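Colleague: Before I ask anything, here is the structure I am working with.
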Amino acid sequence: MIKVCKFGGTSMSDGINMRRVADIIDADPSRRYIVVSAPGKRFGGDTKITDLLYETQREVAESGCVGESYRKVMARFQSIAEELGLSFDVGALLLAAAKEIERERSTDFTLSRGEFITGKLMAELLGIPFVDARDVVKFGADGKVGRKTFQLLKEALKDKRRAVIAGFYGEDANGRVKTFSRGGSDVSGAIVARAVGADEYENWTDVSGFLACDPSIVPSPCGIRELSYKELRELSYMGARVLHSESIFPVREADIPIHIKNTFRPGDEGTRILPTAAYLAGAKTMRTVTGIAGKKNFTVIHIEKSLMNTEIGFTYRVMEALVKHSISFEHLPSGIDTMSLVIDSEQVSGGVLESLGEDIARAVSPDRMNIMTDIALIAVVGHGMAKSVGTSARLFSAIANAGVNVRMIDQGSSELNIIVGVDNCNYERTVRAVYEEFFRE
Ligand code: ASP
């Protein structure tokens, strides 16, 4: 059994927490490959190491030398090394990193030093080898991590029973350090899991997994114990955030389950994300709805034209107008003579909406075109919906009973989700009503 474990910034935030992490790792011999983030916040108002390094980069750009922010980075790492009682000379490592930062003058390189030094410390604490992500995670010319990375990782880890790998960065096609986007150690963890053919990718964070809906809208919603990759995709797309969205793909391709766990409550069950087939086969009692997520600020362009279905190239011409303005759409619910384009409002701000509307009108001469702004979308997600009779009746009665007018409906063709559009101002009320209906049973 091989587990790859990724620990996030709060798990690494100080020496006490790093010890906690070491205990978690030592408690299970299958926890073999450890991917780490840089230290995050210790308390509200604290600054993450990665953010201090951003500041460092600004200072280097202005004065050519590291300054006050880097001194703070040094102080954080030195106090961690002291708390851990490590004889390891972290001071020398930090001074060498400062020289390189001043020489390289690259934001990605500067940011990567957080994970690099954390990885070195963690490897020292566990007494196991450290693997520099620069040597094994290779971005291709297209900016994506290619197959070569899997081979290099496999090669580097084949004779190591256990190892620590720095998260968040790798090396680009020109041999320079390159980082993933923020939160990218999740992606590094998934890549390592895929490379070693892990049985499970454990992602350790500071929450006990996914919740059935946003806790800032519904206080203490219930946790989701298990969900499928498909459900995860739907929920994360709509804003449910625990994992970096790109981290799903490497493990999903290899059918490796992800287990989200809480470093501060290791006894909690957490959330298991399973390949869809395994999830469907293993589910004993499946809830009708697995989770609810949503986002505000969409624009819906509703187009009506009689006999739209007989007009060849109608959708094509609408799409041409979108392409002209470099706009992508989120959803495209349609009827026989109607079509709605759901677009993230940011994409059509600053007069773009008006000129897009004119282009669509010119391209397809609709009978009627209606533009709705300030729309919130709520996705109600669950494989269980396909099997339960009356789900939409329950959903829409709950929304009606809350006094909310539904502005748009879109049911994904997989029957995995129903997306409801309401006015922004009714968003929270709708989420609460839907949660009450499906989770307080
Ligand atoms: N340290 C990086 C960040 O704060 C990467 C990570 O934590 O995954 O975004």
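The values are calculated or read from the model by the stated rules, or taken from the named source; none is laboratory data. Bear in mind that the values here come from a model prediction, so they are computed numbers and not experimental data. Backbone-built Cβ (ideal geometry, glycine too); neighbour counts: all protein chains shown. Side chains are part of the model used for accessible areas, which takes the heavy atoms of the whole protein and leaves out ligands, DNA and RNA. Shrake-Rupley method; radii C 1.70, N 1.55, O 1.52, S 1.80 Å.
Colleague: In the list Ile327, Ile375, Ile360, which residue meets the criterion of being in contact with a strand residue (DSSP E or B) (Cβ under 8 Å, 6 or more places away or on another chain) and in a strand (DSSP E or B)?
Modeller: Working: Ile327 fails: in a strand (DSSP E or B); Ile360 fails: in a strand (DSSP E or B).
Testing whether each residue is in contact with a strand residue (DSSP E or B) (Cβ under 8 Å, 6 or more places away or on another chain) and in a strand (DSSP E or B) leaves just Ile375.
Colleague: Given the conditions (1) within 13 Å of the ligand (Cβ to nearest atom); (2) free of Cβ contacts under 8 Å to residues at least 12 places away in the same chain; (3) open to solvent by less than 20 Å² (accessible area, probe 1.4 Å), which single one is not true for Asp51?
Modeller: It is condition (3) that Asp51 fails.
Colleague: Right, another one. Looking at the structure I just gave you, is Ile80 open to solvent by less than 50 Å² (accessible area, probe 1.4 Å), over 26 Å from Ile248 (Cα atoms), part of a helix (DSSP H, G or I) and not small (Gly, Ala, Ser)? Before the answer, list the steps.
Modeller: Values: open to solvent by less than 50 Å² (accessible area, probe 1.4 Å): yes; over 26 Å from Ile248 (Cα atoms): yes; part of a helix (DSSP H, G or I): yes; not small (Gly, Ala, Ser): yes.
Yes: the conditions hold for Ile80.
Colleague: Find the residue count for the stretch 171-198, including only residues that are away from the ligand (no atom under 15 Å from the Cβ), among the small types (Gly, Ala, Ser) and surrounded by fewer than 23 Cβ atoms within 10 Å (Cβ to Cβ).
Modeller: Of the residues in that region, 3 qualify.
Colleague: Moving to a separate point now. Condition test on Glu124, is it open to solvent by 10 Å² or more (accessible area, probe 1.4 Å), farther than 28 Å from Ile25 by Cα, modelled with pLDDT of 95 or more and away from the ligand (no atom under 16 Å from the Cβ)?
Modeller: On the way: open to solvent by 10 Å² or more (accessible area, probe 1.4 Å): yes; farther than 28 Å from Ile25 by Cα: no; modelled with pLDDT of 95 or more: yes; away from the ligand (no atom under 16 Å from the Cβ): yes.
Criteria not met by Glu124.
Colleague: Report whether or not Arg71 is at pLDDT 95 or above, among the basic types (Lys, Arg), within 16 Å of the ligand (Cβ to nearest atom) and part of a helix (DSSP H, G or I).
Modeller: Numbers: at pLDDT 95 or above: yes; among the basic types (Lys, Arg): yes; within 16 Å of the ligand (Cβ to nearest atom): no; part of a helix (DSSP H, G or I): yes.
For Arg71, the condition - at pLDDT 95 or above, among the basic types (Lys, Arg), within 16 Å of the ligand (Cβ to nearest atom) and part of a helix (DSSP H, G or I) - is not met.
Colleague: How do the helices (runs of 4 or more DSSP H) wholly within the stretch 206-292 filter down when requiring 2 or more residues that are within 16 Å of the ligand (Cβ to nearest atom) and surrounded by 19 or more Cβ atoms within 10 Å (Cβ to Cβ): which remain?
Modeller: On the way: elements: 229-237, 248-253, 276-282.
Where helices (runs of 4 or more DSSP H) fall fully within the stretch 206-292 and carry at least 2 residues being within 16 Å of the ligand (Cβ to nearest atom) and surrounded by 19 or more Cβ atoms within 10 Å (Cβ to Cβ), they are 248-253.
Colleague: Further question: Can Asp135 be described as modelled with pLDDT of 95 or more, open to solvent by 10 Å² or more (accessible area, probe 1.4 Å) and in contact with a Leu (Cβ under 9 Å, 6 or more places away or on another chain)?
Modeller: yes
Colleague: Same structure again: Identify, please: which residue in the stretch 116-146 is in a loop (DSSP other than H, G, I, E, B) and over 22 Å from Gly15 (Cβ atoms) and is, among those, nearest to the chain's Cα centre (by Cα)? So that I can check it myself, show each step before the final result.
Modeller: So in the stretch 116-146, the residues in a loop (DSSP other than H, G, I, E, B) come out as 127-129, 132, 137, 140-144, 146.
Filter once more, keeping what is over 22 Å from Gly15 (Cβ atoms): 132, 137, 140-144, 146.
Working: Asp132: 24, Val137: 19, Gly140: 22, Ala141: 24, Asp142: 21, Gly143: 18, Lys144: 17, Gly146: 20 Å.
If we take residues in the stretch 116-146 being in a loop (DSSP other than H, G, I, E, B) and over 22 Å from Gly15 (Cβ atoms), then Lys144 is nearest to the chain's Cα centre (by Cα).
Colleague: Select from the stretch 395-433 the residues that are touching a residue at least 60 places away in the same chain (Cβ under 8 Å) and basic (Lys, Arg) and write down the one among them that is surrounded by the fewest Cβ atoms within 10 Å (Cβ to Cβ).
Modeller: Arg432
Colleague: Search the stretch 161-181 for residues that are in a loop (DSSP other than H, G, I, E, B) and pair each with any residue that is more than 10 Å from the ligand (Cβ to nearest atom) and among the aromatic types (Phe, Trp, Tyr) when their beta-carbon atoms are under 6 Å apart and the residues are at least 6 apart or on different chains.
Modeller: Asp172/Phe139
Colleague: Against the condition under 27 Å from the mean Cα position of the chain (by Cα), outside any helix (DSSP H, G or I), aromatic (Phe, Trp, Tyr) and away from the ligand (no atom under 16 Å from the Cβ), how does Phe88 come out, does it pass?
Modeller: Working: under 27 Å from the mean Cα position of the chain (by Cα): no; outside any helix (DSSP H, G or I): yes; aromatic (Phe, Trp, Tyr): yes; away from the ligand (no atom under 16 Å from the Cβ): yes.
Considered against the rule, which asks whether it is under 27 Å from the mean Cα position of the chain (by Cα), outside any helix (DSSP H, G or I), aromatic (Phe, Trp, Tyr) and away from the ligand (no atom under 16 Å from the Cβ), Phe88 comes out as no.
Colleague: Give me the pairs, please: first residue somewhere in the stretch 366-390 and surrounded by 14 or more Cβ atoms within 10 Å (Cβ to Cβ), second residue anywhere and among the basic types (Lys, Arg) and part of a strand (DSSP E or B), beta-carbon distance under 7 Å, and either six or more positions apart or on two chains.
Modeller: Listed by first residue and then by second, the contacts come to Ala376/Lys295; Ala376/Lys296; Leu377/Lys295.
Colleague: Right, another one. Here is a list: Ile409, Ile419. Which entry is in contact with an Asp or Glu (Cβ under 8 Å, 6 or more places away or on another chain) and either in a helix (DSSP H, G or I) or modelled with pLDDT under 95 (or both)? Working first, answer last.
Modeller: On the way: Ile409 fails: in contact with an Asp or Glu (Cβ under 8 Å, 6 or more places away or on another chain).
That would be Ile419, the only listed residue that is in contact with an Asp or Glu (Cβ under 8 Å, 6 or more places away or on another chain) and either in a helix (DSSP H, G or I) or modelled with pLDDT under 95 (or both).
Colleague: Could you please let me know if Ala75 is surrounded by fewer than 16 Cβ atoms within 10 Å (Cβ to Cβ) and under 14 Å from Gly114 (Cα atoms)? First the steps, then the outcome.
Modeller: Working: surrounded by fewer than 16 Cβ atoms within 10 Å (Cβ to Cβ): yes; under 14 Å from Gly114 (Cα atoms): yes.
Against the criterion (surrounded by fewer than 16 Cβ atoms within 10 Å (Cβ to Cβ) and under 14 Å from Gly114 (Cα atoms)), Ala75 qualifies.
Colleague: While we're on this one: Can you tell me which residue within the stretch 1-38, out of those that are assigned to a loop (DSSP other than H, G, I, E, B) and within 23 Å of Ser247 (Cα to Cα), is farthest from the ligand (Cβ to nearest atom)? Break it down stepwise before answering.
Modeller: Taking the stretch 1-38 and keeping what is assigned to a loop (DSSP other than H, G, I, E, B), we get 1-2, 8-9, 13-14, 27-30, 37-38.
From what's left, within 23 Å of Ser247 (Cα to Cα): 1-2, 8-9, 13, 30, 37-38.
Numbers: Met1: 25, Ile2: 22, Gly8: 6, Gly9: 5, Ser13: 11, Ser30: 23, Ser37: 3, Ala38: 4 Å.
Checked the stretch 1-38; the qualifying residue farthest from the ligand (Cβ to nearest atom) is Met1.
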